[in-house]
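**Q** Before anything else, here's the structure in question.
Derivation of every value follows stated rules applied to the coordinates shown; laboratory data play no part. This is a predicted model, so every value here is computed, not measured. As a convention, Cβ positions derive from the backbone with ideal geometry for all residues, glycine included, and neighbour counts pool all protein chains shown.
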Amino acid sequence: MNEDWKFQRRRSKLVDLLRERGIEDERVLVSINQVPRHLFVDEALRARAYNDEALPIGMKQTISQPFTVAYQTMMLAPQPGERILEIGTGSGYQAAVLCEIGARVFTIERLRPLYERTSQLLRVLGYKALCRCGDGIQGWEAVGPFDGIIVTAGATIVPDKLLQQLRIPDAENTGGRLVIPVGNRDSQRMNRITRESADAYAREETEGFRFVPLIGAS
Ligand code: SAM
């Protein structure tokens, strides 16, 4: 069987599984059905790329479990053309999912070897995410404000700089949303924080997850 066809079949089965697990946003499911996750992991792990599991990507980091990527993306609800900032580029898979939805993606990774490898991979695959190496806790003020910010590492607190870089709602735009897992080293709860005005935010807390830690000065 042709390799691409084999991976496409596994990808559709993964999408069916995500639907069964409660992912209802068709835009997210279509995007996951497009992104070749097997190209975001080491060749030795490709056979496991469409299992619903996190996998190592080197430097003690992981590509998140597909359910987690789908869940966070569903909570963020990015729309085509929106400016979305991702903290924790890692393998680049989440950034690719956001690009497939049509968002304008900005992504920050603190580990230089991962940043270099992933920015090149995204370019080769044709994903136009703007990548940066640095501490994502500071956000990326020069290219903000953002319609959405997604943090893909576990935070102990909500970084103030990220809140400040969410779009303030006006007559044409709704306020920016921040999706961030918050808790301790062992478990975090997913939070969605929506900017309601210059100094007011609404916060919702949902499912429990376990991420690698968000590292840096807040
Ligand atoms: N989104 C990634 C993907 O699709 O593969 C998964 C990210 S992995 C679970 C978390 C990533 O966050 C790691 O690559 C880690 O180096 C990065 N990270 C941790 N703290 C960070 C920070 N302060 N700024 C930027 N990246 C950070």
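**Q** So, counting K/R as plus one and D/E as minus one, what does the shell of residues with Cβ under 13 Å around Asp52 add up to?
**A** Taking every other residue near Asp52 into account, the sum is +4.
**Q** How much net charge surrounds Arg11 when only other residues with a Cβ under 14 Å from its Cβ are counted (Lys, Arg +1; Asp, Glu -1)?
**A** Working: positive: Lys6, Arg9, Arg10, Lys13, Arg19, Arg37, Arg46, Arg48; negative: Glu3, Asp4, Asp16, Asp52, Glu100.
Cβ neighbours under 14 Å give a net charge of +3.
**Q** Kindly work out what percent of the DSSP beta bridges joining two residues of the chain are antiparallel, to the nearest 5. Write out the running numbers ahead of the final one.
**A** Numbers: 17 of 36 bridges.
Percentage antiparallel, nearest 5: 45.
**Q** Can I ask one more? Using a 10 Å cut-off on Cβ atoms, rank the peptides 62-73, 140-151 from the highest mean neighbour count down.
**A** 62-73, 140-151
**Q** Would you report the distance distribution of C-alpha pairs in the range 5-209 as whole percents per 10 angstrom bin, up to the bin with the largest distance?
**A** Each 10 Å bin holds this share of Cα pairs: 9, 37, 39, 14, 2, 0.
**Q** Another one. When only Cα pairs under 8 Å and 6 or more residues apart are kept, what is the percent relative contact order across the range 5-209? It would help to have the intermediate numbers written out before the result.
**A** Values: 408 pairs, mean separation 29.1, N = 205.
Over the range 5-209, the number comes to 14 percent.
**Q** By average Cβ neighbour count within 10 Å, what is the ranking of 111-124, 91-104 from highest down?
**A** Result, highest mean first: 91-104, 111-124.
**Q** Ok, one more. Give the aspartates and glutamates whose C-alpha is closer than 20 Å to that of Lys6, dropping any in the same chain fewer than 8 places away, or say none.
**A** Asp16, Asp42, Glu43, Asp52, Glu53
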